[in-house]
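For reference, the structure is listed below as structure tokens.
The values are calculated or read from the model by the stated rules, or taken from the named source; none is laboratory data. None of these values were measured; they are calculated from a predicted model. Cβ atoms come from the backbone with ideal geometry, glycine included; neighbour counts cover every protein chain shown.
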Amino acid sequence: MILVSVDDHVIEPPDMFERHLPKRWAEAAPHVVTQGTANQWMYRGRPAGLVGLNAVVGWPPLEWNSEPSGFAEMRPGAYDIHSRVRDMDRNGVLSSMCFPTFAGFSGGHLIQFRDETTTAVIQAYNDWHIDEWCATYPGRFIPLAIAPIYDPQAAAAEIRRVAAKGARGIAMPEMPHIDNLPSYHDEDYWKPIWTAMSECNVAMTLHIGMGLRSLTMAPGAPRDHTMILACQISALAAQDLLWGPAYRNYPDLTFSYAEGGIGWVPFYLDRCDRHYTNQKWLRRDFGGRLPSQVFLEQSLACFVTDPHAVAARHEVGMDIIAWECDYPHSDSIWPDAPEWLEQEFTKAGCTDAEINKMTWENACRFYHWDPFAELPRERATVGALRALAADVDTTIRPRAEWAELYRQKHATV
């Protein structure tokens, strides 16, 4: 088995801007404020997202009810590139696409300030991500960038710049109108961005997050509601994009839906096709094709674990399914993703060819990524990677114990 994950998360180290933000902007750089073992990213006098949002891998599940207060409480693989690759090896993961954390999954925490300073900060973020995080271990990370989407022309320029540096995707908000930006139905606004993505062959990559604010919960509803219904955000985002101008007017533009699962796809597409063929008075035009055909040609849908949808994989679309690990979040399967997937695939009666499509082939084709450019295939398998990491400690530890290990390590430095 070969594993490529299209959704993981990087916990950004506190010194990330020191080598990438020009001196002109240095005083405005996001920075970490520390009190005891607690850390907080700040940007222009305001908190800028949590240091370790949901970075609870390696914690007992009963401690997942609160966030790490700082780097000390996290498993080092969350924020240290060398430890991350070791943890990937232990889980048999060849390549990983990592979304931002403190910046927001699509840069949402940074773009609260919409000016040239933030544009410079976003450029520095992308340079750090591509030139340090990804480049330290060539072939192990699929570069993902963010863009200053409050300025379409500047965003288009940044998309072209990072594409030339190797970016394969641009993280975009699922529902920009929630954050006081034009909706995806406003083609005049988004055209420069969509055109740049299309011309550069970088995918519009949407991770559930900001869109959660579109869900109105009943008074007194438990936290479970938001966590369970989060997968519906992908369908809501797809609706704006498929029935707006993005899919129909930009046939070379591709769309990836991260952490929404894949079970929603067949129901949603059935509903789209029924509506399109039944409600002819609306005169929607999909170029002589069904909405489902357009969606399947331009999309990637991602899952961590989705047993019923894997069993119905042909109804989902065999060529659009990709696996995601979601390390270091609570939804992630670490360090036994191969065993978990093997059980799920076996129960669903998947063939080896189908498994390959879901675990790496679809993702690599979609993101124009050669998984064997740096490692030959025989060294890229789960077994080969795990052989490199047999000594990785996978012990589950309470957050206080992680903090003590961190203190001991740094006391001797």
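Quick notes on this structure:
- Within the set Ser292, Ser214, the sole residue that is without any contact (Cβ under 8 Å) to a residue 40 or more places away in the chain and either closer than 25 Å to Thr359 by Cβ or not hydroxyl-bearing (Ser, Thr, Tyr) (or both) turns out to be Ser292.
- Given (1) outside any helix (DSSP H, G or I); (2) farther than 20 Å from Gly108 by Cβ; (3) of a type in the set (S, T, N, Q), index of the condition Thr205 fails: (2)
- Restricting the range 163-188 to residues that are outside any loop (DSSP other than H, G, I, E, B) and free of Cβ contacts under 8 Å to residues at least 40 places away in the same chain leaves a set whose member that is farthest from Gly209 (Cα to Cα) is Ala164.
For every residue, the table says whether it meets (1) part of a loop (DSSP other than H, G, I, E, B); (2) surrounded by 19 or more Cβ atoms within 10 Å (Cβ to Cβ); (3) out of contact with any strand residue (DSSP E or B) (no Cβ under 6 Å at 6 or more places or on another chain).
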site: Glu132; (1), (2), (3): no, no, yes
site: Thr136; (1), (2), (3): yes, no, yes
site: Glu158; (1), (2), (3): no, yes, yes
site: Arg161; (1), (2), (3): no, no, yes
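- Top-ranked residue in the range 368-385 [being over 23 Å from the mean Cα position of the chain (by Cα) and not in a loop (DSSP other than H, G, I, E, B); ranked as surrounded by the fewest Cβ atoms within 10 Å (Cβ to Cβ)]: Glu378
- Residue ID - nearest to Cys302 (Cα to Cα), chosen from residues in the range 243-275 that are aromatic (Phe, Trp, Tyr) and without any contact (Cβ under 8 Å) to a residue 40 or more places away in the chain: Trp264
- Test: residue in the range 304-324 that is modelled with pLDDT under 95, at positive phi and either surrounded by 18 or more Cβ atoms within 10 Å (Cβ to Cβ) or out of contact with any helix residue (DSSP H, G or I) (no Cβ under 7 Å at 6 or more places or on another chain) (or both): no
Results for (1) farther than 23 Å from Phe286 by Cβ; (2) touching a helix residue (DSSP H, G or I) at 6+ places or on another chain (Cβ under 7 Å), shown as yes or no for each residue.
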site	(1), (2)
His185	no, yes
Pro192	yes, yes
Ala203	no, yes
Met217	yes, yes
Arg223	yes, no
Ile233	yes, yes
Gly244	no, no
